[in-house]
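The values are calculated or read from the model by the stated rules, or taken from the named source; none is laboratory data. What you see is a predicted model, and the numbers here were worked out from it, not measured in a lab. Counting neighbours? That spans all protein chains shown, and the Cβs are built from the backbone with ideal geometry, glycine included. Accessible surface areas use protein heavy atoms only, side chains included; no ligands, DNA or RNA. Shrake-Rupley method; radii C 1.70, N 1.55, O 1.52, S 1.80 Å.
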Amino acid sequence: MRVPEGAAQDRLVGASVEARSIARTTEGGSGTRATLPVERHGLRHLEAGRQRAGYCSVAWVGSCAMSGNEAEPRMFTNRFADAVGPSGRAPDRDRCRCTDPSVKTRPARVAFHAERQDTARDGWRHLLTLIEEAAADGRTVFKPFVELSAEERRQIVTLPPTIATLTKVRHLVLYGTNLVRIPPEIGAMASLEVFEPYTSHRLHWYPYELTRCTRLRDSTVSTRVLYTSFNNRPPFPSLRPVTTATEADFTRLDPGVWGADRVDACSVCAEPVDHELHQAWISLRVATDVLPLLVNACSAACLAAVPRGPSGHVRTPHHGGPDLAQPPVRGA
């Protein structure tokens with residue numbers, strides 16, 4: 001639903017027992033409002049997708065939205081209002097059905113997104129420059145996709161390994177991106193405290209190296225698109241338990257099979273992976289959320305050192321696939 005362009009903020013308006021709505025109101029324009037109805041009972045997480053200019057935003061609404069007087073709404077701040085870049089004529093990201101809530105529309109067997117990053121594109125070169133600048137000036141908040149055009153954002157399917165140089169960044173915002181994977185070098189971001197890849201709907205998993213960010217305490221992730229989703233329990237991609245160096249060149253991998261185009265170091269001990277690659281999934285709590293983490297281990301011993309996951313998830317390392325026995329869907 002579109003409204004005139006301009007600086008905007010989200011407000012909760014006109015609530016009653018029967019209906020509530022979120023309105024996005026433009027400032028400096030005609031004041032036109034676009035409203036989106038919300039269910040009347042309890043809390044509901046309303047995700048309206050992109051927060052581009054003219055689109056309704058994400059907010060928590062429901063009974064908590066009201067003060068003691070039911071007739072008086074409370075205002076909610078859109079904390080991602082400055083986390084998006086300019087809109088364009090073409091879409092800034094692609095769509096997928098890998099974790100679709102409906103078993104009728106999502107594939108019974110899922111695989112990694114196979115896209116390779118085109119490092120010759122303008123978006124990639126622009127992102128490299130932004131990372132170089134952020135590393136040089138020691139900034140603590142990094143929102144790179146705000147600086148990219150819509151066309152450039154769509155060109156980015158992974159982050160450069162140079163994110164390892166962002167050792168001063170405490171807050172990383174990857175809102176509404178076209179990313180399909182995060183490189184293991186994110187584990188070198190030693191100061192990272194807040195991680196927000198929210199509404200990056202093609203990010204279904206994360207690297208185990210994220211657990212090396214020991215200061216990480218807060219995350220905002222679209223959990224409904226994760227392989228660990230409580231609500232629909234999508235299948236995990238199948239992994240090959242062991243791959244030897246004679247079977248594959250670990251520096252030239254197919255990301256549609258292994259989830260990356262190369263594996264250099266062990267996710268657990270950080271030693272080189274040069275003889276065998278042991279891959280497994282593990283679900284662990286990282287900051288605020290339980291995330292599906294891909295482990296690339298150099299040996300069975302390193303894989304055995306991976307900690308157990310929380311209850312409500314498969315608690316030990318596994319190799320995914322459609323036959324994996326997962327806990328029941330929440331509410332089933």
| Of the residues Ala108, Ala90, Ala114, which is open to solvent by 70 Å² or more (accessible area, probe 1.4 Å), out of contact with any Cys (no Cβ under 8 Å at 6 or more places or on another chain) and aliphatic (A, V, I, L, M)? | Ala108
| request: Please work out if Thr228 is more than 15 Å from Cys298 (Cβ to Cβ), assigned to a loop (DSSP other than H, G, I, E, B), hydroxyl-bearing (Ser, Thr, Tyr) and free of Cβ contacts under 8 Å to residues at least 24 places away in the same chain. | output: no
| task | Keeping to the stretch 186-201, report how many residues are within 15 Å of the chain's Cα centre (by Cα), in a loop (DSSP other than H, G, I, E, B) and farther than 14 Å from Leu159 by Cα. | result | 3
| said: Criterion first (under 16 Å from the mean Cα position of the chain (by Cα), assigned to a strand (DSSP E or B) and at pLDDT 95 or above) does Phe145 satisfy it? | reply: no
| said: Return the pair list, or none, for Cβ contacts closer than 6 Å from residues in the stretch 162-185 that are acidic (Asp, Glu) and assigned to a helix (DSSP H, G or I) to residues that are surrounded by 17 or more Cβ atoms within 10 Å (Cβ to Cβ) and modelled with pLDDT of 95 or more, at least 6 apart or on different chains. | reply: Glu185/Ile163; Glu185/Ala164
| said: For the condition within 20 Å of Arg240 (Cβ to Cβ), in contact with a strand residue (DSSP E or B) (Cβ under 6 Å, 6 or more places away or on another chain) and either open to solvent by less than 50 Å² (accessible area, probe 1.4 Å) or in a loop (DSSP other than H, G, I, E, B) (or both), what is the one hit in Leu277, Leu291? | reply: Leu277
| remark: Residue pairs within 6 Å by beta carbon, gap of at least six or interchain, first lying in the stretch 231-246 and farther than 16 Å from Phe112 by Cβ and in contact (Cβ under 8 Å) with a residue 12 or more places away in the chain, second basic (Lys, Arg) and part of a loop (DSSP other than H, G, I, E, B), listed first then second, are Asn231/Arg330
| field | Test for Cys302: is it assigned to a loop (DSSP other than H, G, I, E, B) and open to solvent by 10 Å² or more (accessible area, probe 1.4 Å) | value | no
| task | Name every residue in the stretch 132-152 that is farther than 23 Å from Ser200 by Cα and buried (at least 16 other Cβ atoms within 10 Å of the Cβ), in order of residue number. | result | Ala135
| query | Across the stretch 184-201, what is the number of residues that are crowded, with 20+ Cβ neighbours inside 10 Å and within 16 Å of Gly259 (Cα to Cα)? | reply | 2
| request: Answer yes or no as to whether Thr214 is open to solvent by 40 Å² or more (accessible area, probe 1.4 Å) and either assigned to a loop (DSSP other than H, G, I, E, B) or at negative phi (or both). | output: yes
| message | Could you go through the stretch 318-326 and let me know if any residue there is assigned to a strand (DSSP E or B) and under 29 Å from Cys96 (Cα atoms). | response | yes
| query | Hey, does the stretch 120-138 have a residue that's under 16 Å from Glu151 (Cα atoms), assigned to a loop (DSSP other than H, G, I, E, B) and either in contact (Cβ under 8 Å) with a residue 24 or more places away in the chain or in contact with a Phe, Trp or Tyr (Cβ under 7 Å, 6 or more places away or on another chain) (or both)? | reply | yes
| note | Being open to solvent by less than 70 Å² (accessible area, probe 1.4 Å), polar (S, T, N, Q) and at pLDDT 90 or above narrows Thr119, Thr129 down to just Thr129
| task | Quick one: count up the residues across the stretch 225-248 that are open to solvent by 20 Å² or more (accessible area, probe 1.4 Å), over 19 Å from Pro317 (Cβ atoms) and at pLDDT below 95. | result | 2
